[in-house]
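Some notes on the structure that comes next.
The values are calculated or read from the model by the stated rules, or taken from the named source; none is laboratory data. All values reported here derive from a predicted model rather than from experimental measurement. Cβ sites come from the backbone with ideal geometry, for glycine too, and all protein chains shown count toward neighbours. Keep in mind that these areas ignore ligands, DNA and RNA; they rest on the heavy atoms of the full protein, side chains included. Shrake-Rupley method; radii C 1.70, N 1.55, O 1.52, S 1.80 Å.
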Amino acid sequence: MSEVNAMRAAINSQDIDALWLALAKVSKREGAPFLAKVLLEAWHESHEDIVFELGLIGEPSTTGAIAKAAVTTFEYLVEWDNLQAFQRKCAYALARIGSLESRAALEALAKHADPHLSEYGKEGLEHWPLPYREGEYA
């Protein structure tokens, strides 16, 4: 089974561990769309890890998923008192992407009615674009 098929199968079976294993065998940019898809799913508890990874990858095509995840309330993050930490990671991931679309997403967060999201959006804009050094993360 190809690694792309393995990633699809892991997502379909809602097996986050299998997804991470399959992702380890492909390029980070090849795996980014799969991570973006799973970022918006509620069947796992790896949202913080996923958005951190997406921020490191810096793939512009994942901007929409990260922006949507930032304003999504995952109940386990509320229960664990980690929702704001996750939202902040989303803002930093958007800053790391450094595209005009990611800047627009940060501007929207900065204007959000939720004071935490607004703060994180402004913080992300202060750091946008976060530098990406070649070879830093492959």
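Please enumerate the residues belonging to region 109-135 that are within 17 Å of PRO60 (Cα to Cα) and either modelled with pLDDT under 95 or open to solvent by 30 Å² or more (accessible area, probe 1.4 Å) (or both).
Answer for region 109-135, where residues must be within 17 Å of PRO60 (Cα to Cα) and either modelled with pLDDT under 95 or open to solvent by 30 Å² or more (accessible area, probe 1.4 Å) (or both): LEU125, HIS127, TRP128, PRO129, LEU130, PRO131, TYR132, ARG133, GLU134.
If you go through region 82-98, how many residues are closer than 17 Å to ASP49 by Cβ and either more than 14 Å from the chain's Cα centre (by Cα) or of a type outside the set (A, V, I, L, M, F, W, C) (or both)?
Selection size over region 82-98: 7.
Those residues that are closer than 16 Å to GLU3 by Cα and open to solvent by less than 60 Å² (accessible area, probe 1.4 Å), I need them from region 28-37; list them, please.
Scanning region 28-37 gives GLY31, ALA32, PHE34, LEU35.
Of everything in region 76-107 that's among the charged types (D, E, K, R) and either touching a residue at least 12 places away in the same chain (Cβ under 8 Å) or not in a helix (DSSP H, G or I) (or both), which residue is farthest from LYS28 (Cα to Cα)?
Residues of region 76-107 among the charged types (D, E, K, R): 79, 81, 88-89, 96, 101, 103, 107.
Imposing the further condition that a residue be either touching a residue at least 12 places away in the same chain (Cβ under 8 Å) or not in a helix (DSSP H, G or I) (or both) reduces the set to 81, 88-89, 96, 101, 103, 107.
Working: ASP81: 29, ARG88: 22, LYS89: 18, ARG96: 15, GLU101: 21, ARG103: 22, GLU107: 27 Å.
Once the filter is applied, the top-ranked residue is ASP81.
Go through region 1-45 and count every residue that is small (Gly, Ala, Ser) and under 15 Å from the mean Cα position of the chain (by Cα).
So the answer is 4.
Where the second residue is open to solvent by 70 Å² or more (accessible area, probe 1.4 Å) and not in a helix (DSSP H, G or I) and the first is in contact (Cβ under 8 Å) with a residue 60 or more places away in the chain and lies in region 27-44, which pairs have Cβ atoms under 7 Å and are six or more apart or on separate chains?
Listed pairs, sorted by first residue: LYS28/ALA138.
For region 62-72: of the residues being closer than 15 Å to ARG88 by Cβ and not small (Gly, Ala, Ser), which is surrounded by the fewest Cβ atoms within 10 Å (Cβ to Cβ)? Give the steps one after another, and end with the answer.
First, the residues of region 62-72 that are closer than 15 Å to ARG88 by Cβ: 66-67, 69-72.
Filter once more, so that each one left must be not small (Gly, Ala, Ser): 66, 71-72.
Values: ILE66: 27, VAL71: 14, THR72: 16.
Ranking the qualifying residues of region 62-72, first place goes to VAL71.
Of GLU3, GLU48, GLU53, GLU59, which residue is touching a residue at least 12 places away in the same chain (Cβ under 8 Å), open to solvent by less than 70 Å² (accessible area, probe 1.4 Å), within 23 Å of ALA113 (Cα to Cα) and of a type in the set (D, E, K, R)? Outline the logic, then answer.
On the way: GLU3 fails: within 23 Å of ALA113 (Cα to Cα); GLU53 fails: within 23 Å of ALA113 (Cα to Cα); GLU59 fails: within 23 Å of ALA113 (Cα to Cα).
Just one listed residue meets the conditions, GLU48.
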